[in-house]
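As structure tokens, the structure follows; a few thoughts come after it.
The values are calculated or read from the model by the stated rules, or taken from the named source; none is laboratory data. On a predicted model such as this, the values are computed, not experimentally measured, just so you know. Methodologically, a virtual Cβ is constructed for each residue, glycine included, from the backbone with ideal geometry; neighbour enumeration extends over all protein chains shown.
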Amino acid sequence: MDKPMSSFHFKIMSFMYKFRDFFLPPRNILKEAEIKPGFHVLDYGCGPGSYSIVAAELVGTTGKVYALDINPLAVQQVKNIASEKRLTNIEIIRSDCATGLENNSVDIVLLYDTFHMLREPNGVLEELQRVLKPNGILSFSDNHMKENEIISKITNRRLFRLLRKGKRTYSFLKEK
């Protein structure tokens, strides 16, 4: 992402996401990602944390969620919600690309409605492929892109291959 969106735009986006989450609950979307207890999940471009919070509940106390965003308001909001809900399995990462995570340490990456904003999408895909475990899944959704564009941009460097298309997300398997 080039730079964090303004505070004003972030607040508007957060407000709009409340409506989205009412009609399309994050828990329903995350069913397609098949998150299991004990998983380590990276929510890349977590925004106000709709998916991070639900993912933290799904992975349970033996799992971990890394909520990453470039916007300081986003990571603070996730931190606040996690604290209110007493979720101790969420780690906040403020970054525009590098995660700081170890190689092969994440079971699933959530990349939802972020890809179209990335300044260096190939660098981000390389980072996500690096942190995913062998057979790790990139769960992808971006309402600003068409299906053929999504598939070609995610698979063209052979870092990932399409595993399945769900109702709302695409699951890509990490290539070895």
Residue under question is Ile151, and the condition is that it be part of a strand (DSSP E or B), touching a Leu at 6+ places or on another chain (Cβ under 9 Å) and at pLDDT 95 or above; does it hold?
no
The residue that is farthest from Ser152 (Cα to Cα), considering only those in region 100-139 that are charged (D, E, K, R) and outside any helix (DSSP H, G or I), is Glu102
Test of understanding: among Leu73, Leu30, which residue is closer than 17 Å to Arg168 by Cα and either out of contact with any Phe, Trp or Tyr (no Cβ under 8 Å at 6 or more places or on another chain) or in contact (Cβ under 8 Å) with a residue 24 or more places away in the chain (or both)?
Leu30
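Go through Ala56, Ala67, Ala82, Ala33 for me and flag whichever is part of a helix (DSSP H, G or I), modelled with pLDDT of 95 or more and within 13 Å of the chain's Cα centre (by Cα).
Exactly one residue qualifies, and that residue is Ala56.
Residue by residue, here is whether (1) within 23 Å of Glu34 (Cβ to Cβ); (2) touching a residue at least 24 places away in the same chain (Cβ under 8 Å); (3) hydroxyl-bearing (Ser, Thr, Tyr); (4) out of contact with any helix residue (DSSP H, G or I) (no Cβ under 6 Å at 6 or more places or on another chain) holds:
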| position | (1), (2), (3), (4) |
| --- | --- |
| Leu68 | yes, yes, no, yes |
| Val78 | yes, yes, no, no |
| Ile81 | no, yes, no, no |
| Lys85 | yes, yes, no, yes |
| Cys97 | no, yes, no, no |
| Leu110 | yes, yes, no, no |
| Leu125 | yes, yes, no, yes |
| Gln129 | yes, yes, no, yes |
| His144 | no, yes, no, no |
Can you find even one residue in region 144-152 that is under 17 Å from Leu42 (Cα atoms) and out of contact with any Gly (no Cβ under 6 Å at 6 or more places or on another chain)?
no
